[in-house]
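To keep things clear, I will list the structure first and then write my remarks on it.
Values in this text are rule-based calculations from the coordinates and carry no lab data. It should be emphasised that the depicted structure is a prediction, and the values quoted were computed from it without experimental measurement. Positions of Cβ are backbone-derived with ideal geometry, glycine not excepted, and every protein chain shown enters the neighbour counts.
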Amino acid sequence: MGIKDLAPNPHRFLGEEMKKDIITLGIESSCDETSVAVIKNGREILSNIIDTQIPIHEKYGGVVPEIASRNHIEAISRVTKKALEEAKVTFDEIDAITPTYGPGLVGALLVGLSYAKALSFAIDKPLVGVNHIQGHVAANYITYKELKPPFLCVMMSGGNTQLVHVKDYTEFEVLGKTRDDAIGEAFDKVARVVGLGYPGGPKVDKLAKEGNPNAIELPKTHFENLDFSFSGIKTAVINLNHKTPDINKADLCASFIKTVTEILIENTRKALKQANVDTVVLAGGVSASSYIRSEFLKLEDDIGIKVYMPDLKLCTDNAAMIGSAGYYNFINGFRSDLDLNAIPNLKL
Ligand code: KG4
């Protein structure tokens, strides 16, 4: 038998009977979106139903965990049914059930996870837990069929900000992370103090387009390593807004985005050298920011690297990215037991 015959077969876990396509059922309920998706071979969306709770939480100015859990409970069965119908796939045709099991709000995570466990038991299909952050990375595999690790991922979401060396589909090394607020938290807080409401990121991004990014100088915190800090700049914006109520809000938002983008790009340049890769992949809700996207594209031209950024619809939470990450976990042999628990602070 030659080496070619020994090469890993991506479909090897299905046993004797070779199957052409692998179908995963992604289930996402880590925060305020109840989402279920049917994914073919990790890259193709057959359905991706997202039931958002944003209008419910809007009036509280942020996500209320208890309310999120209750709404997930009401939605999960309906959303699953819709995802299967839209994909024209039956339970029989699913190869693995792949729910998010962390990080996120524990009560919210438990709804999707418990539903997935019950389903796995009832239809006798493997359960494969997915790390939500891994899911954000995988959103890019759906957008770019040709994208393969290794690469550097700039993870910027509501709960996380990290520079991750993605060595393989299921192998990650965190090179740097925030020591305090996630970048999305800073966006949401800035939006709240300038009176834009929740969720703040898209609103700050929009208003910033009318402002001058060089109008206001804001502080940056530097570390020896590749860590980040966003609480200093967030506090500076809050204080400026309180002390000078008639400050131009568009200038404030534009200057805020410009400064946080500079922080991201400075660390990205260093991380590219450390990881010795020439591909950057953006991920997470904040990667929907038009300013951040355009600055990273300039970096592409500047230093001759390739920059990938997820389709706008896949930047924020969705189950398609979870079903994609679940596929890679599945074909790499990962399986979860029915005692899998939700882990609110799960790391990569
Ligand atoms: O990735 P995500 O949906 O949730 C987590 O997994 O944490 O990220 C949500 C974050 C929120 O802070 C939201 O304000 C921010 O992403 N966000 C944006 C934009 N769209 C969503 N931030 C900046 N510009 C946007 N267009």
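Tabulated values for the structure
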| quantity | calculated |
| --- | --- |
| Among residues of segment 260-290, those that are of a type outside the set (A, V, I, L, M) and within 14 Å of the ligand (Cβ to nearest atom), counted | 6 |
| For residue 276: the one exception among (1) within 22 Å of the chain's Cα centre (by Cα); (2) at positive phi | (1) |
| Failed item, numbered, when residue 272 is tested on (1) crowded, with 22+ Cβ neighbours inside 10 Å; (2) touching a Leu at 6+ places or on another chain (Cβ under 8 Å) | (1) |
| Residue ID - surrounded by the most Cβ atoms within 10 Å (Cβ to Cβ), chosen from residues in segment 168-180 that are in a loop (DSSP other than H, G, I, E, B) and more than 16 Å from the ligand (Cβ to nearest atom) | 169 |
| Residue 307 vs. criteria touching a helix residue (DSSP H, G or I) at 6+ places or on another chain (Cβ under 9 Å), within 15 Å of the ligand (Cβ to nearest atom) and among the β-branched types (Val, Ile, Thr) | no |
| Yes/no for residue 234 being assigned to a strand (DSSP E or B), surrounded by fewer than 24 Cβ atoms within 10 Å (Cβ to Cβ) and within 16 Å of the ligand (Cβ to nearest atom) | no |
| Scope segment 182-207; condition more than 8 Å from the ligand (Cβ to nearest atom), of a type in the set (A, V, I, L, M) and in a loop (DSSP other than H, G, I, E, B); matching residues | 194, 196 |
| Residues of segment 203-219 that turn out to be under 28 Å from residue 176 (Cα atoms), in contact (Cβ under 8 Å) with a residue 24 or more places away in the chain and crowded, with 16+ Cβ neighbours inside 10 Å, as a count | 6 |
| Pairs, first in contact (Cβ under 8 Å) with a residue 60 or more places away in the chain and within 10 Å of residue 212 (Cα to Cα) in segment 240-258, second small (Gly, Ala, Ser) and within 16 Å of the ligand (Cβ to nearest atom), C-beta under 6 Å, six or more apart | 253/208; 253/211 |
